[in-house]
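Scroll down for the structure; my scribbles are underneath it.
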Amino acid sequence: MDPSRGAISELPIKAEVRNFNFHYGEFHALKDVTMPLCERKVTALIGPSGCGKSTLLRSFNRMHDLYAGNRYGGEIILHPDQTNLLDPRVDPIEVRMRLSMVFQKPNPFPKSIYENVIYGQRVRGVTKRSVLDDKAEEALRAAALWGEVKHRLHDMAFALSGGQQQRLCIARALATDPEVLLFDEPTSALDPIVTASIEELIHQLKEKVTILIVTHNMQQAARVSDFTAYMYLGELIEFGYTEEIFIKPRDKRTEDYITGRFG
Amino acid sequence: MSSSAPSDVALIRAEIRRRKRRDLWFGALGVLALALALLTVVTLFINMLIDGWARLTPEFFTSFPSRRAGQAGILSAWVGSLLVMLVTASVAVPLGVAAGIWLEEYAPKHWLTDIIEININNLAGVPSIIYGLLALGLFVYTFGLGQSIRTAGLTLALLILPMIIVATREAIRGIPQSIREGAYALGATRWQMVRHHILPYSMPGIFTGVIIGMARAIGETAPIITIGALTFIAFLPPAPLVGTPPFVNFEWLSAPFTVMPIQIFNWTSRPEAAFQQNAAAASVILVAMTLMMNGLAIWLRYRLRKNLKW
Amino acid sequence: MSPSSSSPAVSERLARKASRHISERIIEATLFAAAAVSIFVTVAIVFILVRESVAFFQQVPVVDFLSDTQWTPLFDDAHFGILVLLSGTAVSSTVALAVAIPIGTTIAIFLSEFASQRTRETAKPILELLAGMPTVVFGYFALMFVTPLLQELMPELPGFNLLSAGLVMGIMIVPIVSSIAEDAMRAVPMALREGSYAMGATRLQTAFYVVLPAAVSGIGAAYILGIARAVGETMILAIAAGMQPKLTFDPREPAATITAFIVQVALGDLPHGSIGYQTIFAAGLTLMLFTLLFNILGFWLQRKYRERY
């Protein structure tokens, strides 16, 4: 734990959610959420199922734009250039090129390991072999997968185990040098040993990148995050240093959830 | 905190603009491909309408074919088509629906069931002219049914049988298991369950499939040519209903006949332009009929999807 | 009968159950018989084609059938080289696929990855209507509209030619290719698309880099079922491509296909049992073998993608 920490508002901020509201058709899924994302820190979103934590995470890279019937309002400001990620004038593709995402279930493309990792570069029109090779190695190393796959980069990604597939998806997300990395319950489909390795990885990654993670596992939030936001029924109930949320929550509802009285 | 964008944001934006242009191009290509398909239908119909407009008179429907193009009509052809369709429907619908019910509700997990399923899939892909050869060898020469309305009706019935089976199965598959369990729980036998629940609830879906099958059958030419339909028929088959008991008469089943597509083919292959006009006029009627049948089926299916939410 | 006789109702119900049982079995047997008709049809097709073909091959050596380069079964100097008819079928099918595959695939990608729900719901029925057109009408269209149009560009094009028949056949096959290919693409899980979009890919990039490779077996099935349809198509060719057998690989020439030849013979008055009569069954058997091959391959590919997702 960092003894010299001060007020959150004095820390460098990478992104801010401001007065964010979200509707699935008639259903008001997120209500007036406002919270910061500190630079090169891990922020965890926790709360019972249906509280809107995944919805909030997926708003960061405009995944909701893929489906009809979703409406949202408010701002998510990305620093340092203060781009509002939700501004309709901002192309969702631009947003997604700056923020990367790792999904709940590993979703490698039906391609080779190598092609999966450099997909982001391909999409950006990079064709130079040496650049791609370097990127692939760098990303796979960062995702702690290089040793296991360096001799079979051109095998199909489906041949990997579930944990390897998820690390491949992390490598794929890292290979685009994202400013923010979004994790949507990245370990919910994995066994405890693999989960531990992914958590370790997240710990290392925050040296370089700002991380937002949704988890349904409170212990995981406590282990990996610096900040925690507790959400309930579409509202942000409490946001603060992870230790504070877990040791002395200010809100009764947070306390009930943390102590396992529901959820 | 600096308020200026990092330099690569500008780069990213330029890159995105470039890529989105390609998206736009492909979108235009897609619209173009669709338009080409649509345009073909429209051109085809308008072209035939212009060619055949002068011949689309009431007399065209009430005249027999003639050596003089200007006096020729489609009376024997449309009557023939109607009677052939009657045979086709009365054979294909009960057979296809029964087979579909057996496959969905009765069939055991068994190699024989697998074979029947694979076989139906394969039959759906057999070219129609092969059915014509089957009918020529089997119905005409082995069973001695002659080059008659019943031969043509049976041939087209076999041709559309796979379509009706598949439509029946799909309609039945949409019925949730809870309906079956509910009927069984009240002591229904399997057949009671099928007759009281499965059949009525799947009826609209089956009906849709039957219409599409009939639309296919009415336009089929090749198998009818193969069994040897005559193209010059200047008389009508005996009427199926008569004024004296027993009021029905089955002689029409063994009568020689012609049908709309055969008549069109015959006129198309004549060199004189006047006959081509007849072909165009008859085509307009045939196309309008199939379009209406298919349109009705599509509309029914659309309504079904909207109304039925299990 | 129960000695206590306190429950005669039970035995009555049992009696009814027995009769019920019998009628249920009769119904089940009837339904099964209906399903078995499809087996009978297949057996009958194979039996008829093989019976007449055996008689045919007793008079024409198989080697001649496969290697002769002339097809003149009704002449005094009869030749039976099926290659002649196969060349017509191959050329017209190639032309048709050259139209149907690019257009059908483009439409499939467009409808599955680009179009809105509303566009899709309008476009698909229109394509179905196109697929439901009687082929004899397409034949008329090829002969009376497309060929004259092509003659504007190529003045020496004959009135009957494989090109115009093939082009129209291609348009006719577009809905088959596009609907099966689109089904395959829509079966690709949304998670893969989300993964690609989350990397900043555009629709086009997602479609070509992720969706197409994932749906490749289903798209293959679409193409192969399209080929099967082209090979078996009859009326367009009989009307617009002429019915003279000719060994050619030039689509601008007139030539007969297997199917057009069968029509031509059937239009004449051939005595049952003559060699000419048997010829169309030998030709039919050849056609059947080809379409069967393509259909089985197509269904196998289709089943492969259905299993995967």
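The values are calculated or read from the model by the stated rules, or taken from the named source; none is laboratory data. These numbers come from a predicted model, not from an experiment. Note that each Cβ is placed from the backbone with ideal geometry, even for glycine, and that neighbours are counted across all protein chains shown. Side chains are part of the model used for accessible areas, which takes the heavy atoms of the whole protein and leaves out ligands, DNA and RNA. Shrake-Rupley method; radii C 1.70, N 1.55, O 1.52, S 1.80 Å.
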* Asked: When only residues in the stretch B:278-310 that are at pLDDT below 90 and over 23 Å from the mean Cα position of the chain (by Cα) count, which is surrounded by the most Cβ atoms within 10 Å (Cβ to Cβ)?
  -> B:308
* Contacts under 7 angstrom Cβ, first residue in the stretch A:141-153 being small (Gly, Ala, Ser), partner at pLDDT 95 or above and open to solvent by 60 Å² or more (accessible area, probe 1.4 Å), 6 or more apart -> none
* To do: Could you tell me which of the residues C:105, C:119 is in contact with a helix residue (DSSP H, G or I) (Cβ under 7 Å, 6 or more places away or on another chain) and either touching a residue at least 60 places away in the same chain (Cβ under 8 Å) or within 10 Å of another protein chain (Cβ to nearest Cβ) (or both)?
  => C:105
* Asked: Do we find that residue C:62 is over 22 Å from residue B:34 (Cβ atoms), within 21 Å of the chain's Cα centre (by Cα) and more than 9 Å from chain B (Cβ to nearest Cβ) in this structure?
  -> no
* Check residue C:102 against each of (1) open to solvent by 20 Å² or more (accessible area, probe 1.4 Å); (2) not assigned by TED's automatic domain parsing to the domain that holds residue C:268 and name the one condition it does not meet. => (2)
* Count of the stretch B:131-157 residues which are assigned to a helix (DSSP H, G or I), open to solvent by less than 20 Å² (accessible area, probe 1.4 Å) and in contact (Cβ under 8 Å) with a residue 60 or more places away in the chain -> 14
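Working carefully through the options B:188, B:229, B:183, B:171, find the one that is surrounded by 15 or more Cβ atoms within 10 Å (Cβ to Cβ), modelled with pLDDT of 90 or more and assigned by TED's automatic domain parsing to the domain that holds residue B:290.
Exactly one residue qualifies, and that residue is B:171.
Sort through C:87, C:19, C:53 and tell me the only one that's out of contact with any helix residue (DSSP H, G or I) (no Cβ under 9 Å at 6 or more places or on another chain), more than 10 Å from every other protein chain (Cβ to nearest Cβ) and in contact (Cβ under 8 Å) with a residue 60 or more places away in the chain. Reasoning before the result, please.
On the way: C:19 fails: in contact (Cβ under 8 Å) with a residue 60 or more places away in the chain; C:53 fails: out of contact with any helix residue (DSSP H, G or I) (no Cβ under 9 Å at 6 or more places or on another chain).
Exactly one of C:87, C:19, C:53 is out of contact with any helix residue (DSSP H, G or I) (no Cβ under 9 Å at 6 or more places or on another chain), more than 10 Å from every other protein chain (Cβ to nearest Cβ) and in contact (Cβ under 8 Å) with a residue 60 or more places away in the chain, namely C:87.
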* Asked: If you take just the helices (runs of 4 or more DSSP H) that sit entirely in the stretch C:84-189, which of them hold at least 2 residues that are modelled with pLDDT under 95 and within 30 Å of residue A:103 (Cα to Cα)?
  -> C:117-131, C:162-186
* Structure fact -> If we take the stretch B:1-105, then helices (runs of 4 or more DSSP H) inside it with 3 or more residues that are among the acidic types (Asp, Glu) are B:7-52
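Just checking, which of B:235, B:265 is in contact (Cβ under 8 Å) with a residue 40 or more places away in the chain, open to solvent by less than 70 Å² (accessible area, probe 1.4 Å), over 22 Å from residue B:211 (Cα atoms) and of a type outside the set (Asp, Glu)? Step through it out loud before you land on a result.
Working: B:235 fails: open to solvent by less than 70 Å² (accessible area, probe 1.4 Å).
The match here is B:265.
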* To do: Identify all residues within the stretch B:216-226 that are farther than 12 Å from residue B:265 by Cα and crowded, with 24+ Cβ neighbours inside 10 Å; write none if there are none.
  => B:217, B:223, B:226
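Across the stretch A:140-160, which residue is nearest to residue A:110 (Cα to Cα) among those that are open to solvent by 80 Å² or more (accessible area, probe 1.4 Å) and either modelled with pLDDT of 90 or more or charged (D, E, K, R) (or both)?
Going residue by residue through the stretch A:140-160, those that are open to solvent by 80 Å² or more (accessible area, probe 1.4 Å) are A:141, A:148, A:150-151, A:154, A:156, A:158.
Narrowing the set further to residues that are either modelled with pLDDT of 90 or more or charged (D, E, K, R) (or both) leaves A:141, A:148, A:150-151, A:154, A:156.
Working: A:141: 22, A:148: 19, A:150: 19, A:151: 19, A:154: 12, A:156: 7 Å.
Of everything passing the filter in the stretch A:140-160, A:156 is nearest to residue A:110 (Cα to Cα).
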* Enumeration of residues in the stretch C:253-275 that are within 16 Å of residue C:85 (Cα to Cα) and over 24 Å from the mean Cα position of the chain (by Cα) -> C:253
* Asked: If residue C:88 passes every condition in (1) outside the structural domain of residue C:216 (by TED's automatic domain parsing); (2) buried (at least 22 other Cβ atoms within 10 Å of the Cβ) but one, which one does it miss?
  -> (1)
* Specify the residue that is most open to solvent (accessible area, probe 1.4 Å); the eligible residues are those in the stretch B:116-130 that are more than 7 Å from chain C (Cβ to nearest Cβ) and farther than 22 Å from residue C:260 by Cα. => B:118
* Pick from the stretch C:157-202, criterion open to solvent by 40 Å² or more (accessible area, probe 1.4 Å) and free of Cβ contacts under 8 Å to residues at least 12 places away in the same chain, ranking: nearest to the other protein chains (Cβ to nearest Cβ) -> C:191
* Conditions: (1) within 30 Å of residue C:106 (Cα to Cα); (2) open to solvent by 20 Å² or more (accessible area, probe 1.4 Å); (3) aliphatic (A, V, I, L, M). Residue B:44 meets all but one. Number of the miss? -> (2)
* Asked: Tell me, which residue of the stretch A:182-194 that is farther than 25 Å from residue A:59 by Cα and not in a loop (DSSP other than H, G, I, E, B) is nearest to the chain's Cα centre (by Cα)?
  -> A:194
* Going by the conditions given, is residue A:163 open to solvent by less than 10 Å² (accessible area, probe 1.4 Å), more than 11 Å from every other protein chain (Cβ to nearest Cβ) and not aliphatic (A, V, I, L, M)? -> yes
* Which of the residues that make up the stretch A:121-133 are surrounded by fewer than 16 Cβ atoms within 10 Å (Cβ to Cβ) and closer than 13 Å to residue A:153 by Cα? -> A:133
* Asked: So, in the stretch A:41-82, of the ones that are at pLDDT below 90 and within 13 Å of chain B (Cβ to nearest Cβ), which residue ends up surrounded by the most Cβ atoms within 10 Å (Cβ to Cβ)?
  -> A:79
* To do: Please report, ordered by residue number, the helices (runs of 4 or more DSSP H) entirely within the stretch A:51-142 with at least 3 residues that are within 15 Å of the chain's Cα centre (by Cα).
  => A:53-60, A:92-98
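Can you pull out the residues in the stretch B:89-114 that are surrounded by fewer than 23 Cβ atoms within 10 Å (Cβ to Cβ), facing chain C (nearest Cβ under 7 Å) and free of Cβ contacts under 8 Å to residues at least 60 places away in the same chain? Break it down stepwise before answering.
Taking the stretch B:89-114 as the starting set, the residues that turn out to be surrounded by fewer than 23 Cβ atoms within 10 Å (Cβ to Cβ) are B:89-91, B:93-95, B:98, B:104-114.
From the residues that got through so far, the ones that are facing chain C (nearest Cβ under 7 Å) too are B:95, B:98, B:106.
The one that is surrounded by fewer than 23 Cβ atoms within 10 Å (Cβ to Cβ), facing chain C (nearest Cβ under 7 Å) and free of Cβ contacts under 8 Å to residues at least 60 places away in the same chain: B:98.
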* Quick one: which residue in B:68, B:18 is modelled with pLDDT under 90 and outside the structural domain of residue B:278 (by TED's automatic domain parsing)? => B:18
* Asked: Within the stretch C:283-301, is even one residue under 24 Å from residue C:66 (Cβ atoms), over 15 Å from the mean Cα position of the chain (by Cα) and open to solvent by less than 20 Å² (accessible area, probe 1.4 Å)?
  -> yes
